[in-house]
């Protein structure tokens, strides 16, 4: 068993500013044909920034698809050709004013692999210092510092529904408990 699906054709349905949607005709490994609806996305980056007091930097912002304010770690969309780590450093500074040090990768996350091609790159850093924020023109944020232990508790109590934030918080807590960060 190869676990592979061959693309036979691809038809564009929508080409927007952020997403690109296609319907692909595919051949399954048993020779049967099927179709897949695919949302293309340039990807993103998320930063778990830990202060000297073991607090993570969070932002609260209104997320239109859910019609609610969501608590998240600083994050942003990648532009084509952008380096994820450099983009993450910029997002952290723009959204929280923080400058990080000792960055390390926490891996990558596939938020919805059944239909979406988005990949979110996760990073950890220590907060070195704070400067001023510079959010995007259409970005309105409230910055919060939450102790790492409390953030883990919030994830486990379903108070943080955002997948990238949950993953980065839990990976940060585990790596810290193992003395790796």
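Within segment 53-62, restricting attention to residues that are touching a strand residue (DSSP E or B) at 6+ places or on another chain (Cβ under 7 Å) and farther than 19 Å from residue 122 by Cβ, which residue is surrounded by the most Cβ atoms within 10 Å (Cβ to Cβ)? Even if it seems obvious, please write down each step before you answer.
Looking only at segment 53-62, we keep the residues that are touching a strand residue (DSSP E or B) at 6+ places or on another chain (Cβ under 7 Å), and these are 54-62.
Subsequent filtering for residues that are farther than 19 Å from residue 122 by Cβ retains 60, 62.
Working: 60: 14, 62: 12.
Ranking the qualifying residues of segment 53-62, first place goes to 60.
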* Structure fact -> If we ask which residues in segment 169-181 are in contact (Cβ under 8 Å) with a residue 12 or more places away in the chain and not in a loop (DSSP other than H, G, I, E, B), their number turns out to be 7
* Structure fact -> residue 94 passes all but one of the listed conditions (1) touching a strand residue (DSSP E or B) at 6+ places or on another chain (Cβ under 9 Å); (2) assigned to a loop (DSSP other than H, G, I, E, B); the exception is number (2)
* Asked: Of (1) over 21 Å from residue 118 (Cβ atoms); (2) in contact with a helix residue (DSSP H, G or I) (Cβ under 6 Å, 6 or more places away or on another chain); (3) in a helix (DSSP H, G or I), residue 166 satisfies all except one. Which?
  -> (1)
* Asked: Just a yes or no: is a residue in segment 75-84 assigned to a strand (DSSP E or B), over 16 Å from the mean Cα position of the chain (by Cα) and either in contact (Cβ under 8 Å) with a residue 24 or more places away in the chain or exposed (fewer than 12 other Cβ atoms within 10 Å of the Cβ) (or both)?
  -> no
* Scan (1) surrounded by fewer than 16 Cβ atoms within 10 Å (Cβ to Cβ); (2) in contact with a strand residue (DSSP E or B) (Cβ under 8 Å, 6 or more places away or on another chain) for the single condition residue 125 breaks and write down its number. => (1)
* Asked: Would you call residue 92 assigned by TED's automatic domain parsing to the domain that holds residue 136 and in contact with a helix residue (DSSP H, G or I) (Cβ under 8 Å, 6 or more places away or on another chain)?
  -> no
* **Any chance residue 31 is touching a strand residue (DSSP E or B) at 6+ places or on another chain (Cβ under 9 Å) and at positive phi** => no
* Asked: Within segment 130-144, restricting attention to residues that are out of contact with any helix residue (DSSP H, G or I) (no Cβ under 9 Å at 6 or more places or on another chain) and at pLDDT 95 or above, which residue is surrounded by the most Cβ atoms within 10 Å (Cβ to Cβ)?
  -> 144
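The values are calculated or read from the model by the stated rules, or taken from the named source; none is laboratory data. Model, not experiment: these values are computed from the prediction. Here Cβ is always computed from backbone atoms with ideal geometry, including for glycine, and neighbour counts include all displayed protein chains.
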